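The values are calculated or read from the model by the stated rules, or taken from the named source; none is laboratory data. Not measured: the values here are computed from a predicted model. Don't worry about glycine lacking a Cβ; one is built from the backbone with ideal geometry, like all the others, and counts go over all protein chains shown. Only protein heavy atoms, including side chains, enter the accessible area calculation; ligands, DNA and RNA are left aside. Shrake-Rupley method; radii C 1.70, N 1.55, O 1.52, S 1.80 Å.
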Amino acid sequence: MKVSAPNNSFKMLYNAMAATLKTVYMLSAVLALNDSEMVDNSVAVQSTITPSFPIVSRSEWGAKPPKSPPEQMHEVPVPFVLIHHTYIPGYCNSTEACKEAMREMQRFHQDDRGWNDIGYSFCIGCNGITMEGRGWDSRGAHAPGYNERSIGICLIGDFRGGCTNTLPTVLPDDGMLNAVQGLINYGIDIGKISANYTLMGHRQVRNTECPGDALFNLIQHWAHFGDPENKKHPV
C-alpha cells in the first residue's frame, strides 16, 4: 500500500510545533542558569556581611600575640553572651585612650594572671568604640564554665552605681549600650551567636560585683536576659 506524502498544511504545523518546543527548551535553560546565579549571589552576600560600625582590630590597638595557639570555641553559634565591666581601667574617653586600656588589660591578663591572652571576646569604650579582644572564634577567659561557648563583651569603665572615691559612677553612655546590641546582632547575622542566645551578667556565673549594680540592673530588662544553666550560687 502506498503512503501519500504529508500535505503542506501538516508540514507547516509540524515545523511550528518543533520551533515552539525549541523555544521552550531554550527558555528553560536560561531560567535554570539565572536561578543558579541567584543562589551563588545570595551566598556571596552572606559571606561579605559587615558590621554597621567599625571594630578596632587587634593589630590596630597594638595587641601582643597569644602566648600559645588559642583554643577554639566548642559550640558555634554560641548560646550565651556574658556582659562585664572593667572597673579598672576606667572609662576611656577617646579612641587612643581605649586602645591604651586594651593594652593595659592584656598586660595584666597575660603577665599577672598568667592567661594566654586578654580575657574578653570584645571590649567597648566611650561612644561605642568597639575593640576586638579574642574575637569570635577563640575560647575566652572571662566566665568559668562558659568560656568555650559564650561571647564575653566587656564595657570599659566602672558601672557599679553610687559613688566611689567621691566620684560618681554612672551607666555606660548610649553609644556603648547601642554598640553592645549592634555587636550581638552582627554576631547572629554571621552565625557566631545563636538567635535564641541567653544574655547574662558576669555575677550570675561567678562570685563578683561585675558588671556593676547599675549596669546589671539595666541589662535585666534587655531581650534574652536569663539565668545560667546551673542556678546554684556562683563561686
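In the set (1) of a type in the set (Ser, Thr, Tyr); (2) closer than 15 Å to Gly157 by Cβ; (3) in contact (Cβ under 8 Å) with a residue 60 or more places away in the chain, Ser138 fails one condition alone, (2). For region 191-217, filtering for residues that are within 16 Å of Ile124 (Cβ to Cβ), modelled with pLDDT of 95 or more and of a type in the set (A, V, I, L, M) leaves 2. If the condition is being closer than 18 Å to Val56 by Cα and open to solvent by 10 Å² or more (accessible area, probe 1.4 Å), then region 129-163 contributes Ile129, Glu132, Arg134, Trp136, Asp137, Ser138. Would you please name the residue that is farthest from Asp158 (Cα to Cα), looking only at residues in region 208-225 that are surrounded by 13 or more Cβ atoms within 10 Å (Cβ to Cβ) and not hydrophobic (A, V, I, L, M, F, W, C)? Among those that are surrounded by 13 or more Cβ atoms within 10 Å (Cβ to Cβ) and not hydrophobic (A, V, I, L, M, F, W, C), it is His224.
What about Ile83, is it touching a Gly at 6+ places or on another chain (Cβ under 6 Å) and either open to solvent by less than 10 Å² (accessible area, probe 1.4 Å) or modelled with pLDDT of 95 or more (or both)? Criteria met by Ile83. For region 193-207, the set of residues classified as open to solvent by less than 50 Å² (accessible area, probe 1.4 Å) and either in a loop (DSSP other than H, G, I, E, B) or touching a residue at least 40 places away in the same chain (Cβ under 8 Å) (or both) consists of Ile193, Ser194, Tyr197, Thr198, Leu199, Met200, Gly201, His202, Val205, listed by residue number. Cβ separations smaller than 8 Å between residues 6+ apart or across chains give no pair from region 60-73 residues that are touching a residue at least 12 places away in the same chain (Cβ under 8 Å) to residues that are open to solvent by 100 Å² or more (accessible area, probe 1.4 Å) and of a type in the set (A, V, I, L, M).
When Ile184, Ile188 are screened for being open to solvent by less than 30 Å² (accessible area, probe 1.4 Å), among the β-branched types (Val, Ile, Thr) and at pLDDT 90 or above, only Ile184 passes.
Assess whether Val170 counts as being open to solvent by 40 Å² or more (accessible area, probe 1.4 Å), aliphatic (A, V, I, L, M) and either outside any helix (DSSP H, G or I) or closer than 30 Å to Ile49 by Cβ (or both). Yes: the conditions hold for Val170. Among the conditions (1) closer than 30 Å to Pro69 by Cβ; (2) of a type in the set (A, V, I, L, M, F, W, C); (3) modelled with pLDDT under 95, Phe159 misses just one, which is (1).
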